[in-house]
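Heads up, the thing below is written out as structure tokens.
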Amino acid sequence: MKFFIDTANLDEIKEAYDLGVLDGVTTNPSLMAKEGISGSENITAHYKAICGIVDNNVSAEVIATDFENIVKEGKELAKIDDKIVVKVPMIKDGVKAIKYFTSEGIRTNCTLVFSPGQAILAAKAGASYLSPFIGRLDDISHDGLALIEQIVEIYDNYGFTTEILAASVRHTMHLVQCAEIGADVVTCPLKVITGLLNHPLTDIGLEKFLADHKKVNG
Ligand code: E4P
């Protein structure tokens, strides 16, 4: 299972990378705005900085919503670094653009996916990654994890190679359940990754080991 961090914050990306378990980064226009990154030069420089930290898989999202401009923008993003994966929304022109990028050898992440039908379309277009947003489905009383299960089954039925990238992951149990179901990738905030470390028995056990060691070693 791959771990991506869902942020545009360089310190958080460094911290996750230093843990030694990070396989990539996902960003979106909201996350870039949260860091105050605006203007095409600054946006490009920020993606370069992210690519300078991690080994691969940096999702950079297009803003355009029509085929020609998605292709133009996606090509510019892909030129920034070989690590860039062009993130394209699940809309008609987005699907066409994913098909085009695939034929050009440009990797894509199809985003804003909320149904199995959308997942089939993205896979048929050749998306490298598919981002179903499980937290946002849970927010409206739909079962986000059930969607991941459905997509895993459908992709297995046909041997689709598109990797299922569970997104909008809100807590550690989301991540663990995605692992049980067989999602290929999970993208989540830093606190979800570091949250996996926590167990009170680990803390109690370590405290006891260190205290016992101290008793005889000073
Ligand atoms: C995925 O690529 C998105 O950036 C992200 O996971 C959305 O998460 P949110 O629903 O917490 O905004």
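The values are calculated or read from the model by the stated rules, or taken from the named source; none is laboratory data. Quick caveat: nothing in here was measured; it's all calculated off a predicted structure. Ideal geometry is used to build each Cβ from the backbone, glycine not excepted, and the neighbour counts take in all protein chains shown. To get the accessible areas, we keep the full protein, side chains included, count just its heavy atoms, and leave off ligands, DNA and RNA. Shrake-Rupley method; radii C 1.70, N 1.55, O 1.52, S 1.80 Å.
How big is the dipole moment of the chain about its Cα centre under a simple scheme where the beta carbon of each Lys and Arg is +1, that of each Asp and Glu is -1, and everything else is neutral? Debye, nearest 20, please.
Approximately 160 debye in magnitude.
Using only helices, what value at 222 nm comes out for the chain when you add -39,500 (n - 2.57) per DSSP H run of length 4 or more and divide by the total residues, to the nearest 500 deg cm²/dmol?
It lands at -16500 deg cm²/dmol.
Under a 1.4 Å probe, what is the accessible area of region 77-218 per residue, stated in Å²?
Per residue, region 77-218 has an accessible area of 53 Å².
Between H213 and S38, what is the label-to-label distance in nm when each label sits 7 Å out along the Cα-to-Cβ direction?
5.2
Compute, for M173, the solvent-accessible surface of its heavy atoms (probe 1.4 Å) with the complete set of protein chains present, and express it in square angstrom to the nearest 10.
Surface open to solvent at M173 totals about 100 Å².
Can you tell me what the convex hull of the Cα atoms of the chain projects to on average, as an area in nm²?
Average projection, Cα convex hull of the chain: 14.4 nm².
Which of the DSSP-defined H helices in the chain satisfy a minimum axial length of 15 Å, computed from C-alpha atoms, and a minimum mean Kyte-Doolittle hydropathy of 0.0?
Those that clear 15 Å and a mean of 0.0 are 40-53, 144-158.
Share of region 16-105's accessible area from carbon and sulfur, percent, 1.4 Å?
The computed percentage sits at 49.
Placing +1 on the Cβ of each Lys and Arg and -1 on the Cβ of each Asp and Glu in the chain, which of H142, F160, L175 has its Cα farthest towards the positive end of the resulting dipole?
Of the listed residues, the answer is F160.
Round to a whole angstrom and tell me the spacing of the C-alpha centers of region 38-103 and region 137-163.
Computed from Cα coordinates, the inter-centre distance equals 24 Å.
Among C110, C188, C51, determine the one that fluctuates most according to a GNM of the chain built with springs between C-alpha atoms less than 10 Å apart.
C51
Taking the Cβ-Cβ separation of N198 and K75 as r and a Förster radius of 45 Å, what is the calculated FRET efficiency to the nearest 0.05?
0.55
Which residues does a label at D143 reach in region 103-129, if reach means a backbone N under 18 Å from a point 7 Å past the Cα toward the Cβ?
114-117
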